[in-house]
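Below: the structure, in structure tokens.
No lab work stands behind these numbers, since they all come straight from the coordinates. Predicted, not measured: the structure shown is a model, and the values here were computed from it. Virtual Cβ from ideal backbone geometry, glycine too; neighbours counted across all protein chains shown.
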């Protein structure tokens, strides 16, 4: 095993289609398992990837050729995810931006909109939204391994 | 293209209007319609009391939770019930986060859930 | 009797063969004639694959469903179909009780329906790419991911297993015999369509192994019996046996392995 500090990047690109999301989130779970993250950490990461990718499909580009890019930067105790898509309408992009940047709800009820994103906020140490050139939208999530998490 | 889920449906002795539904796999946006069809059909066939065993349900996302809440609502409209047992801690945490623990009938184990049918 | 149902032809995003119809209002027994009349008016002059966008439909009776079934049949006869998109959960639930799911495909939105149409009817390929560090620990996750995708795209479990084996062997080779570099990842691309899957792996070549690999590649390419005691030979031979086409390019710059496997072979 390498004695150098772990710092690795995986970049996954897949069609913007809900049907691909299960395979992608399970891939993320399997990669984190291979890196000995706890089952709780893995489950929460899976939920995050699921919910953020779901939003990217539903509110991103409507082109049938649209793709989603999922990037994982791994270190010993942190995973940084980027979920990027080509961006939907100006309205959709603005709504998503607002939903991400709004403070996390202290209590939720199932009738609240964008429940998935609130769950992500609960689990993420950092959550950012950016819109770049050509309407490329990017959601960044950072999760730190909790020292108390035992596998 | 769907995530794998199976539903195993069994009778519950002594309760003619109830069915035990064992969820096996992951419940997410890609298979909610399959699950919706199965459970709604049961409810409409007169099995208005559903006991859902989540022992082998590994994963639920917000879309899956939405369907569970739908079953709960549909059951109440038919004067029935939708009870859930054996929820793993990860799934329970998601239910708790969205504030659904007070809306769904959740039991620690299957026996408790089935016994509550008598109430 | 006046109904409040409305039909509007929408943009099909330039997808040839598809007509998108946005429907709103209440689909009741009172609207049966309107439903039939509308679809009759478009059956001759419009592409026969109809996506009915239903997010603004508030109710859907069994008799209205019957009207849709009759209309669908006309499109099917013209090698088309009639599918639903955007139904609310309540309506999906209701249609499920009516057995509609056995006849009509239902999609979350128009876009999903278009994507499915181009994949299934137009033979479009969908692409998944992955760039990963050159480490064996990632290979199980990768092969399982590709296997899941194949299964869910309608490949048999036997096919999916063979695909998993191909991905495993190709990725293992890239890790074990490619250059070990923290700056260069291995690039995997998988193109899948309704007839075949194409797997390509590109990695940085290991200068010390290039000649041996070229010799091995030529052995496999020439269909000569490979030395099955040679671990490297076994892997490539296995890939070749499981695939319909195998191409290996090795140069100082990089190694590329391209595999094609036809569905059901």
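Listing for the model above:
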{"item": "Förster-model FRET efficiency, 51 Å R0, residue A:142 and residue C:69, C-beta, rounded to 0.05", "result": "0.50"}
{"item": "Angle between chain C longest axis and helix C:32-43 axis [Cα atoms, degrees, rounded to 10]", "result": "50"}
{"item": "Estimated [θ] at 222 nm from DSSP helical runs (n ≥ 4, -39500 (n - 2.57)) normalised by residues in chain B, nearest 500", "result": "-11000 deg cm²/dmol"}
{"item": "DSSP beta bridges in the range B:9-69 [antiparallel fraction, %, rounded to 5]", "result": "25"}
{"item": "FRET efficiency for residue C:28 and residue A:95, using Cβ-Cβ distance with R0 set to 25 Å, rounded to 0.05", "result": "0.15"}
{"item": "Length-normalised contact order of chain A in % [C-alpha pairs under 8 Å, at least 6 apart]", "result": "27"}
{"item": "Which of C:36, B:101 has the fewest Cβ neighbours within 10 Å, and the rest in rising order", "result": "B:101, C:36"}
{"item": "Folded to 0 to 90 degrees: helix A:39-59 orientation relative to chain A principal axis, Cα", "result": "20"}
{"item": "Gain upon complete extension [residue C:45, residue C:76; 0.36 nm per residue less C-alpha separation]", "result": "9.7 nm"}
{"item": "Share, in percent, of DSSP beta bridges within the protein assembly as shown that are antiparallel, nearest 5", "result": "70"}
{"item": "Ascending count of other beta-carbon atoms within 10 Å, so fewest first, for C:145, A:58", "result": "A:58, C:145"}
{"item": "Proxy reagent accessibility, fewest Cβ within 10 Å first, across A:91, C:262, B:58", "result": "A:91, C:262, B:58"}
{"item": "Percentage relative contact order, the range C:2-84, counting C-alpha pairs under 8 Å, at least six apart", "result": "32"}
{"item": "Chain C: antiparallel DSSP beta bridges as a percent of all, rounded to 5", "result": "65"}
{"item": "Chain A: angle of helix A:21-34 to the longest principal axis, Cα-based, in degrees nearest 10", "result": "20"}
{"item": "Fraction of alpha-carbon pairs over 25 Å apart in chain C - percent", "result": "57"}
{"item": "Distant alpha-carbon pairs in chain A (separation over 26 angstrom), percent", "result": "24"}
{"item": "Computed FRET value (nearest 0.05) for residue A:8 with residue A:128, which takes r as the C-beta separation and R₀ as 30 Å", "result": "0.90"}
{"item": "Percent RCO, i.e. relative contact order, over the range B:1-108, from Cα pairs under 8 Å lying at least 6 residues apart", "result": "24"}
{"item": "Helical mean residue ellipticity (222 nm; -39500 (n - 2.57) per DSSP H run of 4+; nearest 500) of chain A", "result": "-12000 deg cm²/dmol"}
